Amino acid sequence: MDELKTWALNYFKSRDAFTKSIIAIEDAPDGFSIQYKGRKDKVVIVPQIASASKEAIVTSQCLVTLNEPKNIDALIARWPEFKTRDMKLIFVLPSQPHKKWVLNPFAHARVCDESSLKRGLYALAEELP
């Protein structure tokens with residue numbers, strides 16, 4: 001989890017390089033909170049989606065996980081919990097820091113057919129070498 005958390009911290013800090021809108025970052029046992037000008041986001045680090053608590057899903061604005069087939073399968077199995085949340089899921093390979101894909105389950109559920117959910121998610125994941 002440390003490697004994934006370090007990746008996530010570096011990702012959010014680099015995204016803020018030009019806007020400088022991060023006021024503070026507070027460490028938490030399951031991730032960290034980012035205080036921006038005007039809002040606070042909770043980022044939860046979950047190496048395995050299957051082990052993500054309901055609370056982590058409901059209270060976070062972003063969930064960072066590994067880009068692995070078992071995580072995609074777990075997301076599909078738990079899709080009803082995720083599809084109603086306007087949040088970001090970031091799938092990463094920490095060994096390749098610039099390789100990631102981001103999913104907003106709420107937006108994805110609105111524009112995509114659930115019958116092709118598995119095929120679509122695997123297609124997104126396979127874009128990473």
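Could you list all residues from the range 32-64 that are of a type in the set (Lys, Arg) and over 22 Å from residue 101 (Cα atoms)?
To start, the set of residues in the range 32-64 that are of a type in the set (Lys, Arg) comprises 37, 39-40, 42, 54.
Once the filter is applied, which keeps residues that are of a type in the set (Lys, Arg) and over 22 Å from residue 101 (Cα atoms), the range 32-64 yields 37, 39, 40, 54.
Out of the range 1-25, which residues are charged (D, E, K, R) and either assigned to a helix (DSSP H, G or I) or touching a residue at least 24 places away in the same chain (Cβ under 8 Å) (or both)? If you could, list the steps in order and put the result at the bottom.
In the first step, residues of the range 1-25 are kept if they are charged (D, E, K, R); the result is 2-3, 5, 13, 15-16, 20.
Answer for the range 1-25, where residues must be charged (D, E, K, R) and either assigned to a helix (DSSP H, G or I) or touching a residue at least 24 places away in the same chain (Cβ under 8 Å) (or both): 2, 3, 5, 13, 15.
Given 121, 89, which one is within 25 Å of residue 21 (Cα to Cα) and either surrounded by 18 or more Cβ atoms within 10 Å (Cβ to Cβ) or of a type in the set (Lys, Arg) (or both)? Break it down into steps so the answer makes sense when it comes.
Working: 121 fails: within 25 Å of residue 21 (Cα to Cα).
Only one candidate qualifies: 89.
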>> Can you say whether residue 121 is of a type outside the set (Ser, Thr, Tyr), within 22 Å of residue 9 (Cβ to Cβ) and either in contact (Cβ under 8 Å) with a residue 12 or more places away in the chain or assigned to a strand (DSSP E or B) (or both), as far as the supplied structure shows?
In response: no
> Checking residue 43 against (1) surrounded by fewer than 18 Cβ atoms within 10 Å (Cβ to Cβ); (2) β-branched (Val, Ile, Thr); (3) not in a helix (DSSP H, G or I), which single condition isn't satisfied?
Replying inline: (1)
> Is one or more of the residues making up the range 65-85 touching a Lys or Arg at 6+ places or on another chain (Cβ under 8 Å), at pLDDT 90 or above and on the phi > 0 side of the Ramachandran plot?
Replying inline: no
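When the residues of the range 46-59 are filtered to those that are assigned to a loop (DSSP other than H, G, I, E, B) and surrounded by 14 or more Cβ atoms within 10 Å (Cβ to Cβ), which remaining residue is nearest to the chain's Cα centre (by Cα)? I'd like the intermediate steps shown before the answer.
Of all residues in the range 46-59, those assigned to a loop (DSSP other than H, G, I, E, B) come to 46-48, 52-53.
Pick out the ones that are also surrounded by 14 or more Cβ atoms within 10 Å (Cβ to Cβ) and you get 46-47, 52.
On the way: 46: 9, 47: 10, 52: 12 Å.
Applying the filter and picking the extreme gives 46.
The values are calculated or read from the model by the stated rules, or taken from the named source; none is laboratory data. Keep in mind it's a predicted model, so treat the numbers as computed, not measured. Virtual Cβ from ideal backbone geometry, glycine too; neighbours counted across all protein chains shown.
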